[in-house]
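Inspection log for the structure reproduced underneath, given as structure tokens.
Just so it is clear, none of the values below were taken in a lab; they were calculated from the coordinates. The model shown is predicted, which means the values in this text are computed figures rather than measured ones. Virtual Cβ from ideal backbone geometry, glycine too; neighbours counted across all protein chains shown.
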Amino acid sequence: MGDIGIKVSQVGYDVDSGDKNQIYSSGWPTPLIETTGVVRGVDADSDNSIVEWNILATHNLGYPPLFFIWQFGSNGTSGETGPTPTRILYTREWRGSPVFAVDSKNLYFRAQSDFSFTLDIRYYITRLQINQNFQAPNYSLGSGAKGGGGNFGFKVAKEGADINSSDLRDFNLHSSTRGPQVHAVTTGLLQPGPDGFFHLYYTPDLPTTPLYMGFETANTADDPNDPSTKWVSGLAFLNSTGQIELFSVPSGTHGSIIVFKDPFAPDEVIQLSL
Amino acid sequence: MNFGVKISLPGIDVNKASPEECAVYSKYDTFKINETATPPHFGQAVITIRNNPPRDVVTNLYKIPHGYSHRPSVLSHIDTGVINSGNRGSIIAGRVSSNPSASNELDYLECCVDDTYLYINIRQHTSDWTGAGAVSLSIPGAVYPNIATVRFYIFANDGSQ
């Protein structure tokens with residue numbers, strides 16, 4: 001096979017103007033949505049002692065997939081008033097938040113040990129495998145300027161949906177949109193560091209600071225290839241040396257760092273001050 | 001019906017490729033950010049915190065209409081700008097608190113949506129918290145201004161019902 005593939009640029013950009021301007025490219029996988037659903041009003045820990053895993057959804061993909069959780073409203077402990085917003089939930093950052101996990105069959109949730117909460121969330125389960133390494137080539141920013149372009153592109157409607165619909169939810173693909181594309185998946189056993197904790201690193205050699213997420217096995221000594229091993233959201237962050245770092249307290253956990261090519265940091269900056 | 005678009009990853013025969021071996025596979029939905037929306041549905045807000053934020057109130061820093069008739073989902077990446085224990089509080093999250101060991105309800109920088117708007121809000125609790133691992137927005141003695149960054153991406157995909 002030769003160097004063949006396909007790429008689609010943003011409206012107004014030359015298709016050869018650089019990887020940053022691509023909305024689809026055969027070089028980077030787009031996380032496909034396997035299923036989504038809403039769970040509202042589930043009292044997940046009414047007696048403050050239930051910490052077992054509960055099945056939230058069954059996917060049966062045969063591998064642990066990347067998932068996202070959006071939470072409605074607050075955790076309900078501060079007496080906040082006003083509209084109940086929706087925000088993406090980072091599940092390992094705070095005590096009191098529910099913990100979510102996937103294995104090769106299901107998406108799960110459980111309470112943290114001594115906190116209660118009401119589960120009000122939307123979940124998305126994708127078809128991206130988080131316990132298998134993947135590495136795409138480095139991408140380029142390109143130098144092409146937006147040239148105006150015309151009304152062209154492509155769209156693929158969902159089965160039964162009108163191809164002329166103005167609702168973007170009616171399309172599986174639409175060239176007037178862009179979304180996450182995966183640059184790398186790095187997995188491995190977290191290694192001890194001088195701080196006494198355990199770490200997995202990914203060093204991005206990229207022209208921009210990418211978005212990233214981290215997962216780790218729920219228990220020490222879990223086999224990362226065992227279909228029943230649960231993977232929970234991990235604490236991944238950008239450290240002071242520019243590495244993406246997955247941090248864990250217990251030894252013996254395996255981790256996974258997901259690095260996204262897209263979406264990029266937008267070029268235009270909104271300046272705010274307080 | 002058997003129609004659509006399928007683009008395999010490099011080195012994979014498209015006729016044999018599974019969905020996981022494809023860069024694009026139109027049978028499945030994807031996350032979609034409208035590139036033509038005004039105001040833009042992807043943005044990078046740089047927030048200069050010149051002094052301690054107002055205490056015990058939610059202060060809105062940024063608010064734009066998203067234009068959807070439904071509540072969308074928003075992916076946000078928050079960098080508090082504070083280096084603590086050699087690390088930055090820089091993660092995909094809807095809300096980053098100053099105290100990762102406690103509830104995140106009292107002290108935070110957040111990005112969220114409701115049925116009409118996208119918001120970037122800040123809330124500072126009565127007292128600062130300075131424990132190990134904190135990613136505080138206003139550590140006592142910190143040099144101001146502190147620069148925080150919020151990247152946001154509004155997906156057309158449903159965020160709630």
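Given A:Lys261/B:Lys27; A:Lys7/B:Lys6; B:Lys27/B:Lys63, which pairs have Cα atoms separated by over 24 Å?
Working: A:Lys261/B:Lys27 22 Å; A:Lys7/B:Lys6 12 Å; B:Lys27/B:Lys63 35 Å.
Where the Cα-Cα span goes over 24 Å, the pairs concerned are B:Lys27/B:Lys63.
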Open item on the list: Residue by residue through A:14-21, how many Cβ atoms from other chains fall within 10 Å of the Cβ on average?
Closed with: 0
- [ ] Please identify every one of the trypsin sites (Lys or Arg not before Pro) in the range B:1-37 that sits in a loop by DSSP and has no more than 10 other beta carbons within 10 Å of its own beta carbon.
- [x] B:Lys16
- [ ] Note down the net charge around A:Asn131, summing +1 for each Lys or Arg and -1 for each Asp or Glu among other residues with Cβ under 15 Å from its Cβ.
- [x] -3
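Taking R0 as 22 Å, what FRET efficiency do you get between B:His70 and A:Asn60 from their Cβ-Cβ distance, rounded to the nearest 0.05? Don't jump to the answer; show the numbers that get you there.
On the way: r = 29 Å, r/R0 = 1.30.
It comes out at approximately 0.15.
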Open item on the list: Quick check: pseudo-label points 7 Å beyond the Cα along Cα→Cβ at A:Asn133 and B:Thr59, how many nm apart are they?
Closed with: 4.7
Open item on the list: With +1 assigned to the C-beta of every Lys and Arg and -1 to the C-beta of every Asp and Glu, and no other charges, what is the dipole magnitude of the range A:118-244 about the Cα centre in debye, to the nearest 20?
Closed with: 500
- [ ] Going by C-beta contacts inside 10 Å, put A:Leu168, A:Leu56, A:Leu206 in order with the fewest on the left.
- [x] A:Leu206, A:Leu168, A:Leu56
TODO: Of the options A:Thr241, A:Thr209, A:Gly196, report the single residue whose Cα projects farthest towards the positive end of the charge dipole of the range A:195-249 (beta-carbon charges: Lys, Arg +1; Asp, Glu -1).
DONE: A:Thr209
Task: Cα-based reach from A:Lys230 at 24 Å (exclusive), listing lysines while leaving out same-chain residues under 8 positions away - done: A:Lys105
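Could you compute the net charge surrounding A:Leu272? Neighbours are other residues with a C-beta less than 14 Å from the C-beta of A:Leu272; K and R count +1, D and E count -1. Don't skip to the end; give the middle numbers.
Details: positive: B:Arg50, B:Lys63, B:Arg151; negative: A:Glu268, B:Asp79, B:Glu110.
With Lys, Arg at +1 and Asp, Glu at -1, the net is 0.
Using the Cβ atoms and a cut-off under 9 Å, what net charge is assigned to the surroundings of B:Arg71, where Lys and Arg are +1 and Asp and Glu are -1?
On the way: positive: none; negative: B:Asp114, B:Asp115, B:Asp158.
Here the charged neighbours net out to -3.
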Task: Cut-off 19 Å (backbone N to label point 7 Å along Cα→Cβ of A:Glu52), residues of the range A:223-250 - done: A:228-231
